[in-house]
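Enquirer: For reference, the structure I am asking about is given below.
Values in this text are rule-based calculations from the coordinates and carry no lab data. Nothing here was measured: the structure is a model prediction, and the numbers come from that model. Cβ: placed from backbone, ideal geometry, glycine included. Neighbour counts: every protein chain shown.
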Amino acid sequence: MDLTYTETEQAFRTQARKWLQANVPRGLRSGDTAEGFAQHVEWEKRLFDARWAVVSWPERYGGRDASLWEWLIFEEEYYRAGAPPRVTQNGIFLLAPTVFEYGTPQQQDAILPRMAAAEDLWCQGWSEPGAGSDLAATASRAVRDPAGGWRLTGQKTWTTRGAFCTHLFGLFRTDPASERHRGLTYFLVALDADGVTVRGFERLDGDEGFAEVFLEDVHVADDAILGGVGEGWRVAMSTTGSERGLTLRSPGRFMSAAERLIELAQARGSDVTPLLRDRIVQAWIDAEAYQLFTLGQVTKIADGGSPGAESSLNKVFWSELDIRLHATALDLLGAGAELDGPWMRGFLFALAGPIYAGTNEIQRNIIAERLLGLPRT
Amino acid sequence: MRFALSEDQRALRDGVRELLAGECPPALVRAAWTDPAAAARSLWAKLTALGIAGAAVPTARGGLGLAACDVVPLLEEAGRAAVPLPILETAFVAAPLLAQDAGATPALERLLAGELLVACALDGATGVPYGAIADLVLVSAGAADGLAVHVLDAGSACRPERSIDHARAVARLLTPPSVDRRPLALTHGERVAAWHRGVVGCAAELVGLGRTLLARTAAYVKERHQFGVPVGSFQAVKHHLADGLLALEFAAPAVLRAAWSIDRGCASVGRDAAMAKALASEAAERVARIALQCHGAIAYTTEYDLHLFAKRVWASSRTWGSAEWQRGRVAVALGLQLD
């Protein structure tokens with residue numbers, strides 16, 4: 001046991017903190033609007049130029065070869081500094097770990113540097129009108145083009161920032177006779193290709209943060225496949241592990257929200273009833289508990305382990321914690337909570353947490369079946 | 001940064017787990033319901049042979065000199081087996097205190113020899129867990145301000161009471177006690193540290209109890225069939241059990257971190273201990289409810305073993321500060337409430 005950071009890690013923290021303090025932009029519009037997205041991409045490019053965009057990646061791709069511990073530190077400092085949400089997250093936190101695991105060296109060289117530099121902006125093409133929680137019901141299909149490559153046809157939906165991104169990663173059925181999770185292949189698609197139509201639409205918060213992506217006989221080359229034909233399910237599970245677990249939702253985000261909640265309560269002073277105070281303390285404790293859980297998890301990863309189905313524990317815990325944190329803040333704000341402010345925005349965003357990355361109902365099934373050994377339904 | 005038990009710590013914990021699996025089966029806990037003293041003495045002799053009595057006593061005073069991070073996992077094991085003994089009070093709270101006061105050397109020697117069990121009277125002594133089988137009682141003066149200012153002879157200071165958990169051998173402290181109080185010569189810091197050890201140790205026991213309750217329930221719902229299928233194949237049941245695991249998995253690291261804060265003398269130790277106990281009490285209470293519900297009627301009997309563990313949770317989750325009370329301590333530490 002050693003719950004302290006080394007001098008090198010502390011120096012890393014100081015360096016990150018100083019840079020963020022001097023550079024974090026204020027007053028950006030929502031990254032889920034066209035104008036705000038462009039502002040966020042500018043910020044991403046500044047992060048990249050200063051080599052803070054992807055700290056845990058190899059230097060040759062724009063990273064710092066930072067350890068997982070240093071990555072956690074960076075995340076803590078990032079959110080503590082009040083820096084903007086990462087509009088590149090579906091690329092750098094979800095697709096990239098999969099590219100590192102399954103991509104060929106050529107794919108890695110072609111995809112990762114442009115992703116890190118926010119030149120290519122990736123969205124996730126998982127959900128379809130008939131495949132939400134049930135990802136294995138994917139109906140979009142890919143057929144071989146006799147002249148080479150593949151032709152993709154189908155519809156993806158609820159695609160986050162799909163209207164603003166340049167590329168999509170998603171699952172397509174390559175074996176028409178296959179069912180469920182067999183016969184799926186993981187494809188990488190440029191959204192400016194012929195046959196792609198993207199239609200943005202409003203999310204719950206009123207921003208145009210969602211899109212439908214229609215693909216009609218879209219041609220892609222053979223190297224648009226990540227991890228092999230028919231291997232899509234296995235490759236996708238690597239992405240969902242990242243999405244549910246640590247890489248998408250590091251503890252820094254919730255610790256920072258909990259600290260802001262404490263500040264809000266202190267500013268309200270005697271308005272805080274004992275009942276509300278208890279909820280504030282519970283939310284703070286839970287954010288701290290999430291942090292401690294992840295420290296244990298990172299230790300396991302550092303020892304060569306893999307979180308596996310444990311990432312479902314992360315997913316349920318952080319998503320429900322996020323709602324409690326924001327709902328408590330709204331109750332602190334009282335009647336003023338309805339105004340379109342950061343806590344209400346955060347609350348609406350938090351409400352999506354138990355839905356995306358596999359609903360919490362699915363996660364609880366996974367916890368019961370894989371971690372407690374209960375029989376599959 | 002490394003947040004995991006060391007190999008030595010795991011080996012020690014596994015050794016105690018193995019010993020308790022053999023020596024403290026539910027049958028022994030059940031035996032303690034009718035004769036708590038006999039069950040306690042035989043089990044305590046075996047644990048003492050392993051050095052558990054002096055685990056937290058410095059080697060210079062004849063103990064093993066273990067740190068909180070070594071001992072707290074053992075207390076989780078004690079909880080897992082629902083050990084009907086004041087291990088926490090004797091080995092983790094009292095023993096290091098007796099080792100601080102030269103005048104208490106005879107008591108310490110008896111404790112190290114396994115001849116002395118200690119109970120703690122925490123809050124006005126409405127109920128003293130294990131007071132009916134202990135030899136000494138430590139009486140606290142104001143919980144958060146630290147523990148154990150006086151030592152009393154348990155036999156003359158306590159009158160047995162009936163707990164919901166008979167194996168806890170609860171007693172009521174007589175007021176005024178019919179014996180002289182003997183103050184221990186301790187600094188304020190030592191008394192506060194003893195309180196933190198009690199809080200964190202109790203939290204560890206509760207996590208262990210929760211783990212047993214959840215494991216027994218997971219095993220049962222795999223076996224129990226209704227409507228032609230295992231009841232554990234129903235989502236409603238699965239989700240209950242998943243919630244139980246979530247509560248435990250996010251409480252256990254907080255308990256271990258609090259042990260680390262004790263060892264390091266961190267400024268945040270009071271907050272960390274309070275947070276650990278709040279999470280552990282809530283998790284254990286939650287799992288006990290889930291266990292009862294998912295077992296169904298069989299758990300609502302005393303013939304079936306589950307109640308031995310569930311009642312230990314209900315009996316102990318509010319000692320050393322209830323979840324609400326501990327969150328009040330956290331509120332003070334966060335500057336949300338005046339002390």
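Enquirer: How far, in degrees from 0 to 90, does helix B:36-49 lean away from the longest principal axis of the Cα atoms of chain B, to the nearest 10?
Expert: 80
Enquirer: What value in Å³ per residue do you get for the convex hull of the alpha-carbon atoms in region B:189-333?
Expert: Given the Cα convex hull of region B:189-333, per-residue volume reads 99 Å³.
Enquirer: Right, something else. Could you size up the charge dipole of the protein assembly as shown around its Cα centre, putting +1 on the beta carbon of Lys and Arg and -1 on that of Asp and Glu, and report it in debye to the nearest 20?
Expert: Computed about the Cα centre, the dipole is about 1380 debye.
Enquirer: I've got another one for you. Can you flag which of A:LYS300/B:LYS277; A:LYS315/B:LYS311; A:LYS156/A:LYS315; A:LYS300/B:LYS311; B:LYS46/B:LYS238 are past 28 Å Cα-Cα?
Expert: Listed pairs above 28 Å: A:LYS315/B:LYS311; A:LYS300/B:LYS311; B:LYS46/B:LYS238.
Enquirer: Taking a cut-off of 26 Å, what percent of all Cα-Cα pairs in region B:1-146 are separated by more than that?
Expert: When all Cα pairs of region B:1-146 are counted, 24 percent exceed 26 Å.
Enquirer: Which Cys in the protein assembly as shown stand alone, with every other cysteine's Cβ at 4.7 Å or more from theirs?
Expert: B:CYS24, B:CYS69, B:CYS120, B:CYS158, B:CYS202, B:CYS266, B:CYS294
Enquirer: Of the options B:ALA45, A:THR33, B:ALA81, report the single residue whose Cα projects farthest towards the positive end of the charge dipole of the protein assembly as shown (beta-carbon charges: Lys, Arg +1; Asp, Glu -1).
Expert: Farthest towards the positive end: B:ALA45.
Enquirer: Could you line up A:TYR79, A:TYR5 from fewest to most neighbouring Cβ atoms inside 10 Å?
Expert: Lowest count first: A:TYR5, A:TYR79.
Enquirer: What is the average number of partner chain Cβ atoms found within 10 Å of a Cβ in A:273-283?
Expert: 4
Enquirer: Another one. So how strong a dipole does region A:225-346 carry about its Cα centre when Lys and Arg Cβ are +1 and Asp and Glu Cβ are -1, to the nearest 20 debye?
Expert: 180
Enquirer: Please turn the phi angles of region A:107-119 into ³J(HN,Hα) values with the Karplus equation 6.51 cos²θ - 1.76 cosθ + 1.60 (θ = phi - 60°), one per residue in order, whole Hz, x for glycine and proline.
Expert: Residue by residue, region A:107-119 yields 5, 4, 5, 6, 8, 5, x, 6, 5, 4, 7, 6, 7 Hz.
Enquirer: Once a ≥ b ≥ c are taken as the square roots of the eigenvalues of the Cα gyration tensor of region A:122-231, is the result rounded (a/c under 1.5), prolate (a/b larger than b/c) or oblate (a/b not larger than b/c)?
Expert: Cα axes put region A:122-231 in the oblate bin.
Enquirer: Please give the average number of partner chain Cβ atoms lying within 10 Å of the Cβ of each residue in B:325-335, rounded to a whole number.
Expert: 4
Enquirer: Right, here's the next one. Rounded to the nearest 20 Debye, what is the dipole magnitude of region B:1-68 about its Cα centre when Lys and Arg each give +1 and Asp and Glu each give -1 at the C-beta?
Expert: 120
Enquirer: Grab the DSSP H runs of the protein assembly as shown that are 4 residues or longer, score each as -39,500 (n - 2.57), total them, divide by all residues and round the 222 nm result to the nearest 500 deg cm²/dmol.
Expert: -16000 deg cm²/dmol
Enquirer: On to the next question. When Rg is the radius of gyration of the Cα atoms in chain A and Rh is its Kirkwood radius, what does Rg/Rh come to?
Expert: 0.96
Enquirer: Classify region A:176-327 from the C-alpha gyration tensor, please: rounded if a/c falls under 1.5, else prolate or oblate depending on whether a/b exceeds b/c.
Expert: Oblate, since a/c reaches 1.5 and b/c is not below a/b.
Enquirer: Turning to a different aspect of this structure: Could you order the peptides A:260-270, A:286-296 from most to least packed, using the average number of other C-beta atoms within 10 Å per residue?
Expert: A:286-296, A:260-270
Enquirer: Just order A:222-231, A:90-99, B:88-97 by mean Cβ neighbour count inside 10 Å, highest at the front, would you?
Expert: B:88-97, A:90-99, A:222-231
Enquirer: A further question on this structure: If I take the Cα coordinates of chain B and project them onto the principal axes, what are the three extents in Å, biggest first?
Expert: Cα spread of chain B along its principal axes, largest to smallest: 67, 46, 40 Å.
Enquirer: Something else about it: Give me the Kirkwood hydrodynamic radius of the protein assembly as shown, using the inverse of the mean 1/r over all pairs of distinct Cα atoms, in Å to one decimal.
Expert: 27.8
Enquirer: Further, regarding this structure: Mind checking B:88-99 for the average number of partner chain beta-carbons within 10 Å of each residue's beta-carbon?
Expert: Across B:88-99, the average partner-chain Cβ count within 10 Å equals 0.
Enquirer: If each residue's Cβ is checked for other Cβ atoms within 10 Å, how do B:ASP14, A:ASP340, B:ASP70 rank with the fewest at the top?
Expert: A:ASP340, B:ASP14, B:ASP70
Enquirer: Further, regarding this structure: Can you tell me the 0 to 90 degree angle between the C-alpha axis of helix A:251-268 and the longest principal axis of chain A, rounded to 10?
Expert: 30
Enquirer: Select from A:ASP303, A:ASP65, A:ASP192 the residue whose mean-square fluctuation is largest in a Gaussian network model of chain A (Cα-Cα springs shorter than 10 Å).
Expert: Result: A:ASP303 has the largest fluctuation of those listed.
Enquirer: Between the helical axis of B:269-295 and the dominant principal axis of chain B, each derived from Cα atoms, what acute angle in degrees is found, rounded to the nearest 10?
Expert: Roughly 40 degrees between the two axes.
Enquirer: Sort A:PHE48, A:PHE201 so that the residue with the fewest other Cβ atoms within 10 Å of its own Cβ comes first and the one with the most comes last.
Expert: Lowest count first: A:PHE201, A:PHE48.
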